[in-house]
Amino acid sequence: MIRKTLLWLSGGILAVVIVFFIVISFRWNRRFDAPYPRITASTDTAVIARGRYLAYGPAHCSDCHTAPAEYASLRLGTQPPLSGGGRFDIPPGTIEVPNITADKETGIGMLSDSAVARVLRYGVRPDGRSAIPFMEYHEMSDADIAALISFLRAQPPVHNLVPDSKLNLLGKTVMAFVIKPIGPTARPPAESPAAAPTVERGEYLANAVANCAGCHSKRSMVTGAYTGPRLAGGSEMESSANSAIKLTPPNITADGRPGQWTEDEFVARFHAGERIAGSPMPWQAFRRIKDDDLRAIYRYLKTVHSS
């Protein structure tokens, strides 16, 4: 009797496992629907310049999409093409960073402006799958998304074929049951706040463009979900220069670093760039942020408290 019961239980468990794997195989690359924003690229030089500033500055596109071989020059202040090729090895698998130059075969050259805008705003890839939630630009203004796309369209295409990301069982399980596109919480603004050292401008830059909360808040390393107060300090990370060195993004509310610095000290710290080798902070981009924008971010952070 006991033997029959054990066999029945074993068979039941095996059946559940088989069903689980079948469900994952069908669901992990599920497709989603999302609107195509009515955003188009411009050939206006001022718009392109605005996109360049965002890409190599506060939006820090360059931090991930620069080819690894070009990254050293990026730190020296150059603006290499955003041809991708980097990778992140995280618990769900290996995430490959795509080529976002205008190349028609390996970049975004064959995508419409609205398809690129949809990825940024809704996190839905051109094939309908959910993007890995690394780019939290959902609240970015129409004008800034248009500027970024205009800049990308205006750059010379670079042929660099980047493989698709490789998810392990954990990654496929998360994609099957947890990860789904994250859209804006409300209708994003048509224009971003005017360039001036104001709290409004700082709030927009910190949350919609620079994604400060992405590192400076505790998050699940599996799903990316926030697990702690926003901007009150992040989870421990490894230095990219030495895995033995652990770095923890600090509390950047008024109760943390900004509360200890004057506005001028805050601005000077950003322009100083990287001080700890392998810091996860994208200093190569953030050191290029304009003074008025840095002052705006500081003034906003001084209004935020961790408790």
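The values are calculated or read from the model by the stated rules, or taken from the named source; none is laboratory data. Fair warning: this is a prediction, and the values are worked out from it, not measured in the lab. We place every Cβ from the backbone using ideal geometry, glycine too, and count neighbours over all the protein chains shown. Accessible surface areas use protein heavy atoms only, side chains included; no ligands, DNA or RNA. Shrake-Rupley method; radii C 1.70, N 1.55, O 1.52, S 1.80 Å.
Looking only at the range 188-245, how many residues end up being out of contact with any Phe, Trp or Tyr (no Cβ under 9 Å at 6 or more places or on another chain) and in a loop (DSSP other than H, G, I, E, B)?
Initially, the range 188-245 is screened for residues out of contact with any Phe, Trp or Tyr (no Cβ under 9 Å at 6 or more places or on another chain), giving 188, 190-191, 194-196, 212, 215-216, 221-223, 225-245.
Those still in the list that are in a loop (DSSP other than H, G, I, E, B) too: 188, 190-191, 194-196, 212, 221-223, 225, 227-232, 234-236, 239-245.
Of the residues in the range 188-245, 27 are out of contact with any Phe, Trp or Tyr (no Cβ under 9 Å at 6 or more places or on another chain) and in a loop (DSSP other than H, G, I, E, B).
In the range 127-147, what residues are under 16 Å from the mean Cα position of the chain (by Cα), surrounded by fewer than 21 Cβ atoms within 10 Å (Cβ to Cβ) and charged (D, E, K, R)?
Result: GLU136, GLU139.
Just name the residue that is surrounded by the fewest Cβ atoms within 10 Å (Cβ to Cβ) out of those in the range 86-108 that are modelled with pLDDT under 95 and part of a loop (DSSP other than H, G, I, E, B).
Once the filter is applied, the top-ranked residue is PRO91.
Can you name the residue in the range 292-307 that is small (Gly, Ala, Ser) and in a loop (DSSP other than H, G, I, E, B) and is also surrounded by the fewest Cβ atoms within 10 Å (Cβ to Cβ) among such residues? Give the derivation first.
Here is the first cut: in the range 292-307, the residues small (Gly, Ala, Ser) are 296, 306-307.
Subsequent filtering for residues that are in a loop (DSSP other than H, G, I, E, B) retains 306-307.
Working: SER306: 17, SER307: 6.
Here the answer is SER307.
Going by the conditions given, is GLY259 over 20 Å from CYS61 (Cβ atoms) and in a helix (DSSP H, G or I)?
Working: over 20 Å from CYS61 (Cβ atoms): yes; in a helix (DSSP H, G or I): yes.
Yes: the conditions hold for GLY259.
Can you tell me which residue among ALA67, ALA72, ALA55, ALA49 is farther than 23 Å from THR223 by Cα, among the hydrophobic types (A, V, I, L, M, F, W, C), touching a Leu at 6+ places or on another chain (Cβ under 9 Å) and surrounded by fewer than 22 Cβ atoms within 10 Å (Cβ to Cβ)?
After applying the criteria, what remains is ALA67.
Please give the number of the condition SER83 fails out of (1) at pLDDT 95 or above; (2) more than 27 Å from ASN168 (Cα to Cα); (3) in a loop (DSSP other than H, G, I, E, B).
The one condition SER83 does not meet is (2).
For the range 278-291, which positions are part of a helix (DSSP H, G or I) and either of a type in the set (Gly, Ala, Ser) or under 18 Å from the mean Cα position of the chain (by Cα) (or both)? Can you show your working first?
Just the residues of the range 278-291 that are part of a helix (DSSP H, G or I), to begin with: 283-286, 291.
Listed by number, the residues that qualify are TRP283, GLN284, ALA285, PHE286.
Restricting the search to the range 102-126, which residues are over 15 Å from the mean Cα position of the chain (by Cα) and of a type in the set (Gly, Ala, Ser)? Steps first, please.
Step one: of the range 102-126, the residues over 15 Å from the mean Cα position of the chain (by Cα) are 102-115, 126.
Hits for the range 102-126 are ALA102, GLY107, GLY109, SER112, SER114, ALA115.
Quick check on the range 36-52. Is at least one of its residues in contact with a Pro (Cβ under 8 Å, 6 or more places away or on another chain), over 30 Å from VAL267 (Cβ atoms) and modelled with pLDDT of 90 or more? I'd like the intermediate steps shown before the answer.
To start, the set of residues in the range 36-52 that are in contact with a Pro (Cβ under 8 Å, 6 or more places away or on another chain) comprises none.
No, the range 36-52 contains no residue that is in contact with a Pro (Cβ under 8 Å, 6 or more places away or on another chain), over 30 Å from VAL267 (Cβ atoms) and modelled with pLDDT of 90 or more.
When the range 274-291 is examined, which residues are found to be out of contact with any strand residue (DSSP E or B) (no Cβ under 9 Å at 6 or more places or on another chain) and surrounded by fewer than 16 Cβ atoms within 10 Å (Cβ to Cβ)?
Keep residues of the range 274-291 that are out of contact with any strand residue (DSSP E or B) (no Cβ under 9 Å at 6 or more places or on another chain), which gives 274-275, 277, 282-291.
Correct list: GLU274, ARG275, ALA277, LYS290, ASP291.
Scan the range 183-190 and give yes if some residue there is closer than 25 Å to ASP33 by Cα, among the basic types (Lys, Arg) and open to solvent by 20 Å² or more (accessible area, probe 1.4 Å), otherwise no.
Applying the first criterion (closer than 25 Å to ASP33 by Cα) to the range 183-190 yields 183-190.
Applying the additional criterion that residues be among the basic types (Lys, Arg) yields 187.
Cutting the leftovers down to open to solvent by 20 Å² or more (accessible area, probe 1.4 Å) gives us 187.
Checked the range 183-190: at least one residue is closer than 25 Å to ASP33 by Cα, among the basic types (Lys, Arg) and open to solvent by 20 Å² or more (accessible area, probe 1.4 Å).
Could you pull out the residue among LEU161, LEU111 that is more than 17 Å from SER62 (Cα to Cα), assigned to a loop (DSSP other than H, G, I, E, B) and open to solvent by less than 60 Å² (accessible area, probe 1.4 Å)?
Values: LEU161 fails: open to solvent by less than 60 Å² (accessible area, probe 1.4 Å).
Going through LEU161, LEU111 in turn, the sole match is LEU111.
So which residues in the range 114-126 are open to solvent by 30 Å² or more (accessible area, probe 1.4 Å) and either basic (Lys, Arg) or on the phi > 0 side of the Ramachandran plot (or both), if there are any at all?
ARG125, the sole residue that qualifies.
For the range 29-46, how many residues are assigned to a helix (DSSP H, G or I) and either within 19 Å of GLU139 (Cα to Cα) or open to solvent by 70 Å² or more (accessible area, probe 1.4 Å) (or both)? Walk me through how you get there before you give the answer.
As a first pass, look at the range 29-46 and keep what is assigned to a helix (DSSP H, G or I): 45-46.
Adding the requirement that they be either within 19 Å of GLU139 (Cα to Cα) or open to solvent by 70 Å² or more (accessible area, probe 1.4 Å) (or both) leaves 45.
Within the range 29-46, residues that are assigned to a helix (DSSP H, G or I) and either within 19 Å of GLU139 (Cα to Cα) or open to solvent by 70 Å² or more (accessible area, probe 1.4 Å) (or both) number 1.
Sort out which residues of the range 208-224 are open to solvent by less than 50 Å² (accessible area, probe 1.4 Å) and of a type in the set (A, V, I, L, M, F, W, C), and write them in order of number. Working first, answer last.
Within the range 208-224, the subset open to solvent by less than 50 Å² (accessible area, probe 1.4 Å) is 208-214, 216-217, 219-220, 223-224.
Across the range 208-224, the qualifying residues are ALA208, VAL209, ALA210, CYS212, ALA213.
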